[in-house]
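Worksheet for the structure shown next.
The values are calculated or read from the model by the stated rules, or taken from the named source; none is laboratory data. Fair warning: this is a prediction, and the values are worked out from it, not measured in the lab. In this analysis, Cβ positions are derived from the backbone assuming ideal geometry, glycine residues included, and neighbour counts consider all displayed protein chains.
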Amino acid sequence: MAIGVFDSGVGGLTVHRELTRRFPERDFVYLADQANAPYGGRGGEEIVELTRAGCERLFEAGANVIVLACNTASAIALRRLQQTWVPEARARHGRPVNVLGIIVPTIEAATGLPWTYEAERNEGEKVEAIAVNGVFCTAATAMSRVYEIEIDKRREDLAVFSEPCPGLAGLIELGAPQEELEVVVRDHVDALRRRIGRHPDKAILGCTHYEIVADIFAAALPPETAIIHQPAAVADALERYFERHPEYALGGSGRRDFLTTGAPGPQSDRVSQFWGAPLSFQSA
């Protein structure tokens, strides 16, 4: 049995790499739905169905716990799958299985508060936001407003502004040149600055593809803007989850499988550089 990691493409490798560092002895299966990437511009029902199909493939490959290392899938599909599909999958596979997302641990990192916390509201009392969080994300994640809604539940003193970056995940997936990526990232950083009236105090890279070019975001943002990195937050949350749920068998051989619904073979030079070695996917 193994830990499954799912993304529309190579972006989830950012989370996968941190998880393998945290759990080096565990078995992992990574699935990239590159035949249908990117998800950010797709409709909600299509995202739900593609995510469900990817999770089913990972369960068939031996995964017991799947991490949706995709903000779009986590924002649009996760709740539906957990409520209506995971119980049926448990019965069908005859073993404990679950699907987890990456937005909850990201919001915990952004707010400094546990997911179970909800701020008390005093009627008539107006709280002026004293800090601003910027969220760079796909169009689908921005439309869901998940970061605005969930952070506001916990911190009235944080204002959240999402900046959709259509096309950026696709450019990273295809291994676009550094110069092209720098122009696109700078344009989105500047667009968010104009909307807010200043740079954000913190920035969330709300698409796991963006973590591959985190250095470009860091260069485009001022040094005082802290970047919240999802991979570490997700690894922390998964470690706590396994402490609470010892029923999951996760394998102990250190196996690493990389699958794709797209064309199998080596990934881009940028992905190899990020990963630290050439990386090749097998057909799913």
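Please go through segment 79-97 and pick out each residue that is free of Cβ contacts under 8 Å to residues at least 24 places away in the same chain and of a type in the set (A, V, I, L, M, F, W, C). Passing the criteria: V86, A91. Here the condition is being surrounded by fewer than 23 Cβ atoms within 10 Å (Cβ to Cβ), of a type in the set (A, V, I, L, M) and on the phi < 0 side of the Ramachandran plot; of A63, A109, it holds for A109 alone.
Quick check: anything in segment 210-219 closer than 20 Å to R145 by Cα, buried (at least 22 other Cβ atoms within 10 Å of the Cβ) and in the same structural domain as P166 (by TED's automatic domain parsing)? Checked against the condition, which is being closer than 20 Å to R145 by Cα, buried (at least 22 other Cβ atoms within 10 Å of the Cβ) and in the same structural domain as P166 (by TED's automatic domain parsing), segment 210-219 yields at least one hit. Taking the criterion of being within 28 Å of P278 (Cα to Cα), assigned by TED's automatic domain parsing to the domain that holds E128 and touching a residue at least 60 places away in the same chain (Cβ under 8 Å), would at least one residue in segment 147-167 satisfy it? Among the residues of segment 147-167, at least one is within 28 Å of P278 (Cα to Cα), assigned by TED's automatic domain parsing to the domain that holds E128 and touching a residue at least 60 places away in the same chain (Cβ under 8 Å), which makes the answer yes.
Within segment 15-62, the only residue that satisfies the criterion of being of a type in the set (V, I, T) and over 20 Å from V234 (Cβ atoms) is V48. Per the listing R194, R186, R240, R198, the residue uniquely among the basic types (K, R) and assigned by TED's automatic domain parsing to the domain that holds G94 is R240. Identification of helices (runs of 4 or more DSSP H) wholly contained in segment 1-114 with 2 or more residues that are of a type in the set (S, T, N, Q) yields 13-22, 71-76, 103-111.
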